[in-house]
Amino acid sequence: GRKARPVLVVAAGNGRVAVMPFTTKGEFSSNRAVRLPTESARAMGLPRPDECWLLTSEINVFNWVGFDIALVPGKTTSRFGRATPGLVASAIAHFREGRGQQTSRD
């Protein structure tokens, strides 16, 4: 997509990365998105932590480092923060349960 948004890296290797996007719009059903606890979103440094959802219905795959990587607004890094291993495992399981779609962004 054209909109810059934070993502959760769920896999990486061989110069490729797989990510799930975060959103602050809550119009998704529970089988397509997972609401992040405010404390987790805040600890990760995500904007609007009270309204943060992880879209588990899609995984985007692209080359690392590529044109898809953008700096965090007001910072000199592209990383917001770290997710817990439990969040990553839960996101992958939710994707598999919902039979989401993988999309290549090359």
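The values are calculated or read from the model by the stated rules, or taken from the named source; none is laboratory data. Quick caveat: nothing in here was measured; it's all calculated off a predicted structure. FYI the Cβ positions are ideal-geometry reconstructions off the backbone, even for glycines, and counts take in every protein chain you see.
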Practice problem: Scan region 1-55 residue by residue and report those that are among the hydroxyl-bearing types (Ser, Thr, Tyr), more than 16 Å from Thr84 (Cα to Cα) and at pLDDT 85 or above. | Solution: Thr23
Practice problem: Could you grab the pairs with beta carbons closer than 6 Å, sequence gap of 6+ or different chains, first residue in region 88-105 and closer than 12 Å to Arg32 by Cα and of a type outside the set (A, V, I, L, M, F, W, C), second one surrounded by 11 or more Cβ atoms within 10 Å (Cβ to Cβ) and at pLDDT 60 or above? | Solution: His94/Val34; His94/Thr56; Gly98/Asn31; Gly98/Ser57; Gly100/Ser57; Gly100/Glu58; Gln101/Glu58
